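Sharing a structure here in structure tokens format.
The values are calculated or read from the model by the stated rules, or taken from the named source; none is laboratory data. Note that this is a predicted model, so its numbers are computed, not measured. Accessible surface is based on the protein model in full, side chains and every heavy atom, while ligands, DNA and RNA are left aside. Shrake-Rupley method; radii C 1.70, N 1.55, O 1.52, S 1.80 Å.
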Amino acid sequence: MKKLFSVFLFALFAFVGAQESKETANRFFYELTFKPKKDSAKLEKVMMSLDIVKDRSIYRDFTAIGQDSILKVQFEAMKKAGVLKDLSKSFKMPKFSEKIVKTYPDMKIQYIERIANGFSPMNIGYNETLKLDWKISDEKAKIGAYNAQKATTEFAGKKWTAWFSSELPFQDGPYKFSGLPGLIVKIEDEGKNYSWVLQGNKKVPNWEELTYMEKLSNVGLKVTEMPREKFEKTFNDFKKDPFATARPLMTQEIMSKTIPGMDGTIGDMMKKQEKMYKDFFNANDNPIEPPYEKLKVGKVEKVGKEN
């Protein structure tokens, strides 16, 4: 799912920075080919990234990261001029909004989405330890630049085939997949609904987990943890009505106000934002995992807070 707080909505409420420690990351680029509609043969592609640092990995859509420096220049110019502009057409929206953090060495997973809390964004997430039953084959192949070996498993009600390379000494992979003696360089389900292929990697010095836009929104790294059932209900409620928590704060007087440098009123802007949200959420009805109550993945251990 996408990070849907558009840049000009962020700008209305805060030009705020955030500080965090810097370190060097190994960034792996995966091309994800996926089928967004269950009843359609149409496929889409997007670049995803897996950033590996000393104690964890971060998996997410690379779209926001890739255009971060351009948006930073545009926002700094707006900040200097003191005039807001609608930059929604200046950037490409990510196709997925989830962020998945795996902590080392226990490989506990934190699945994170962003919702609105009034006019402020907030992170919500659930924790789990996923133990996949991998069956490693003797079959080997060259996947890109790497010698790889085949392995299979079942996850989310689907059969998956992975290729991992011990030439990359990380027992990790895209999305929630991990646990093989080497980095997963390719993985896809039997129906080819989702297929990740490693395209390249690089070192990222002075790596920071938050993008410039995330710092600007003042969302930070704090995550409100909850059981997965509650997480799914909370996120589904947000998808149905993205401005449910903000609407009570908006008087008719506020809604009718115009914003210097932007076309239309605050009410017009909110309608545009709401359409962006709903268009996005309707774009994909073929998720990687079914709702939690229908999920069959082998053994999943819940961890973290239960309230």
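Roll a 1.4 Å probe over the protein heavy atoms and report the accessible area of V223 in Å², nearest 10.
Accessible area, nearest 10 Å²: 30 Å².
So which of K38/K150; K150/K192; K215/K271; K37/K278 end up more than 18 Å apart by C-alpha?
Checking Cα-Cα distances, K38/K150; K215/K271 exceed 18 Å.
Now for a different question. Give me the base-10 log of I(q)/I(0) for region 188-241 at each q in 0.16, 0.31 Å⁻¹, Debye formula, one uniform scatterer per Cα, rounded to two decimals.
-0.99, -1.09
Right, here's the next one. Using the Karplus equation 6.51 cos²θ - 1.76 cosθ + 1.60 (θ = phi - 60°), what ³J(HN,Hα) coupling, rounded to whole Hz, does each residue of region 163-178 give in order, writing x for Gly and Pro?
Along region 163-178, the couplings run 10, 10, 10, 6, 5, 10, x, 10, 8, 9, x, x, 6, 8, 6, 6 Hz.
I've got another one for you. Just to check, using Stokes-Einstein with a Kirkwood Rh over alpha carbon pairs, what's the diffusion coefficient of region 85-166 at 10 °C and 1.306 mPa s in µm²/s?
So the translational diffusion coefficient is about 96 µm²/s.
What number does region 108-231 give for Rg over Rh if you use C-alpha atoms and the Kirkwood radius?
1.04
Taking the alpha-carbon distance from K79 and a cut-off under 15 Å, which aspartates and glutamates remain once sequence neighbours fewer than 8 residues away in the same chain are dropped?
none
Sort M48, M93 by heavy-atom solvent-accessible area, probe 1.4 angstrom, most to least.
Correct descending sequence by accessible area is M93, M48.
Follow-up question, since we're still on this one. Along region 184-194, what does the Karplus equation 6.51 cos²θ - 1.76 cosθ + 1.60 (θ = phi - 60°) give for ³J(HN,Hα), rounded to whole Hz, x for Gly and Pro?
Result, rounded to whole Hz: 6, 9, 7, 7, 8, 7, 4, x, 6, 6, 9.
From the backbone phi of region 57-69, what are the Karplus-calculated ³J(HN,Hα) couplings (6.51 cos²θ - 1.76 cosθ + 1.60, θ = phi - 60°) in whole Hz, Gly and Pro given as x?
Residue by residue, region 57-69 yields 10, 10, 10, 6, 5, 7, 3, 5, 5, x, 10, 4, 5 Hz.
Using a 1.4 angstrom probe on the protein heavy atoms only, line up Y126, Y104 by accessible area, largest first.
Y104, Y126
Given the whole protein assembly as supplied and a 1.4 Å probe, what does the accessible area of R56 come to in Å², nearest 10?
The accessible area of R56 comes to roughly 40 Å².
Ok, one more. Quick check: with the 1.4 Å probe, what order do E31, E232 take by accessible area, largest first? Write down the numbers at each step before the final one.
Details: E31 60, E232 40 Å².
The residues order as E31, E232, largest area first.
Sequence-distant or interchain residues sharing an amide H contact under 5 Å with A25, placed H: which?
The answer is V204, W207.
Sticking with this structure for a sec: In region 86-223, carbon and sulfur make up what percent of the accessible area (probe 1.4 Å)?
The value for region 86-223 is 47 percent carbon and sulfur by accessible area.
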